[in-house]
Amino acid sequence: MMAATASFAASVPLAAAAQGGPAIHVLKDPNCGCCTAWIEILRKEGFNVTTERSFGTLLMRHKLDNGIPQNMTSCHTGEIEGYMIEGHVPVADIRKLLSERPDAVGLAVPGMPYGSPGMGPEDGHEAYDVFLIRKDGGTEVFTRYEAA
């Protein structure tokens with residue numbers, strides 16, 4: 001039994017690599033439709049997505065414990081290659097983060113802006129910013145999306 005478990009554990013990273021895209025693990029409320037829509041966008045873009053049910057204070061504690069300031073929170077939290085991805089962050093920004101590899105906690109789109117990925121049609125979105133969360137808790141605009 002232990003050998004089978006060890007064999008399975010060793011194969012998980014290989015399975016992710018075989019998918020061709022980066023592996024991202026997302027904690028989300030199981031009843032949230034916009035989280036599911038964001039996950040589907042990631043999958044369509046080649047990401048290997050795994051999910052975990054979490055909600056309420058447990059999900060908020062996970063966010064805070066991993067360096068996401070309370071004013072940067074949204075509905076779901078992803079973890080990818082050592083970075084946290086909070087909320088409806090566009091795929092292009094996740095790819096840019098992974099390419100540039102800044103010394104940071106990760107990215108966040110606080111709240112749930114209309115038209116951000118998973119939050120309705122992107123061709124009619126409201127203006128919103130994607131923030132880089134620095135390790136000291138500070139933030140800066142990583143990408144600005146004007147209203148469309």
* To do: Select, from Lys135, Lys44, Lys63, the only residue that is out of contact with any Pro (no Cβ under 8 Å at 6 or more places or on another chain) and in contact (Cβ under 8 Å) with a residue 40 or more places away in the chain.
  => Lys135
* Selected residue (criterion: modelled with the lowest pLDDT) from residues of the range 124-148 that are touching a Gly at 6+ places or on another chain (Cβ under 8 Å) and surrounded by fewer than 18 Cβ atoms within 10 Å (Cβ to Cβ) -> Gly124
* **Residues located in the range 55-77, provided they are more than 22 Å from Pro22 (Cα to Cα), part of a loop (DSSP other than H, G, I, E, B) and touching a helix residue (DSSP H, G or I) at 6+ places or on another chain (Cβ under 8 Å)** => Thr73
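Are any of the residues in the range 78-90 part of a helix (DSSP H, G or I) and either over 11 Å from the mean Cα position of the chain (by Cα) or among the β-branched types (Val, Ile, Thr) (or both)?
Here is the first cut: in the range 78-90, the residues part of a helix (DSSP H, G or I) are none.
The answer is no; no qualifying residue exists.
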* Asked: Within the range 84-112, how many residues turn out to be surrounded by 20 or more Cβ atoms within 10 Å (Cβ to Cβ) and either over 23 Å from Gly56 (Cβ atoms) or not hydrophobic (A, V, I, L, M, F, W, C) (or both)?
  -> 10
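The values are calculated or read from the model by the stated rules, or taken from the named source; none is laboratory data. As the structure is a prediction and not an experimental result, all values here were calculated from the model. Positions of Cβ are backbone-derived with ideal geometry, glycine not excepted, and every protein chain shown enters the neighbour counts.
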